[in-house]
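Read-outs throughout are calculated quantities, based only on the coordinates presented, and are distinct from any laboratory measurement. This structure is a prediction, so every number in the text was calculated from the model and none was measured. Reconstructed Cβ throughout: ideal geometry from the backbone, glycine too, with neighbour counts over all protein chains shown.
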Amino acid sequence: MALLQRFVDKVKQIYLVYELRTAISMLEPWEKRLFNSVLLLFIGMSCYTTYLFLPSYTRSAIAYFTS
């Protein structure tokens, strides 16, 4: 149980640092949720497009530079 509590505390500490670094600690709760949602959407779309297109771009670059 102590391991789980330490993990939860570490996640809370990381989130607090994230809030302070991005200055969203000054926002209202609904503004925080909106900001975090847009950020997660952007990160999700970036990961998806990287997963989708990076392998073909990498193969094309390798083929171009090895020919």
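Figures for the structure shown
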{"quantity": "Residues within region 54-67 that are β-branched (Val, Ile, Thr) and either in contact (Cβ under 8 Å) with a residue 12 or more places away in the chain or loosely packed, with under 10 Cβ neighbours inside 10 Å (or both), tallied", "calculated": "1"}
{"quantity": "Residues (of a type in the set (A, V, I, L, M, F, W, C) and surrounded by 10 or more Cβ atoms within 10 Å (Cβ to Cβ)) located in region 27-53", "calculated": "27, 34, 35, 38, 39, 40, 41, 42, 43, 45, 47, 53"}
{"quantity": "Test: residue in region 35-54 that is more than 19 Å from the chain's Cα centre (by Cα) and in a helix (DSSP H, G or I)", "calculated": "no"}
